[in-house]
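Encoded as C-alpha cells, the structure appears first; notes follow it.
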Amino acid sequence: MMSTEEKISFLENDFPKFLQTLDANAKGKWGVMNAQQMVEHMSYSLRNANGKSPKNIVTPSEHLPKYREFMLSDKPFKENTKNIELPDIPTPVKQSSMNDAIEEMKQEWNDVKEAYKSNPEKTITNPFFGDLNFEEQIHLLHKHAMHHAKQFGFELV
C-alpha cells in the first residue's frame, strides 16, 4: 500500500507530467471523455475535495458503509464506472487548451492541500463516500487519478 506522501507525489508530479503527454482530443481505452474533458473532470472532483464545490451525499445511507469500505481499499475503480453526476454525453471543454486545463487542475490540487492546512482534522463531504478527512481525500483522489491515468494508457513501471 502506498503512503499518503507517495500518493501526494503522484498527484503533484507524475500525474500532471503524464497528462502533458496526451493530445487534448485523445480517446481513452474506455469511456466517452477525451483527454481534456477528463482533466477538466478531475478539476471538478478536486473542487469538491477542496470545498469550493460543496455536495450533498447522494449515496443511500444504508449503502454508505460498503461504498466507504471500497473507497478506502486498494481496489481500483472498474472500467466504465458510471458517475451519476455526469451526463451521458461529456460537456464541452471550458479551457482553451490542454495546458490550461492541466494548470487549472494543478491549482485545484494546491487548494485541496490549502483547505486542510489550518485544520488537518477537517472533513469535506464527498457525494458518494461521505465526509472525508485529508488522508481519505488523498486516497480517493489518487484512486480516481489512477483510474483515469490507466484509461489513457499510463502504466506503473
Carbon and sulfur %, accessible surface of the chain computed with the full protein complex present, 1.4 Å:
53 percent
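Under a 1.4 Å probe, what is the accessible area of the range 6-68 per residue, stated in Å²? Mind dumping the intermediate values first?
Working: 3230 Å² over 63 residues.
Per-residue value: 51 Å².
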Over 21 Å between Cα atoms: which of Lys27/Lys52; Lys75/Lys106; Lys7/Lys106; Lys75/Lys117; Lys17/Lys150 fall into that group?
Lys27/Lys52; Lys75/Lys106; Lys75/Lys117
Assign one of three labels to the chain, namely rounded, prolate or oblate, based on the Cα gyration tensor with a ≥ b ≥ c the square roots of its eigenvalues; rounded applies when a/c is under 1.5, prolate when it is not and a/b is larger than b/c, and oblate otherwise.
rounded
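Mind checking the range 1-76 for trypsin sites (Lys or Arg not before Pro) that DSSP puts in a loop (not H, G, I, E or B) and that have at most 14 other Cβ atoms within 10 Å?
Passing both the DSSP loop test and the Cβ count: Lys29, Lys52, Lys55.
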Summed side-chain charge close to Lys106 - residues other than Lys106 whose Cβ falls under 12 Å, Lys, Arg +1, Asp, Glu -1:
-4
Low-density loop cleavage sites - GluC sites (Glu not before Pro) in the range 57-106, where at most 10 other Cβ are within 10 Å (DSSP):
Glu62
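The values are calculated or read from the model by the stated rules, or taken from the named source; none is laboratory data. Model, not experiment: these values are computed from the prediction. Neighbour counts are summed over all protein chains in view; Cβ atoms, including those assigned to glycine, are modelled from backbone coordinates with ideal geometry. To get the accessible areas, we keep the full protein, side chains included, count just its heavy atoms, and leave off ligands, DNA and RNA. Shrake-Rupley method; radii C 1.70, N 1.55, O 1.52, S 1.80 Å.
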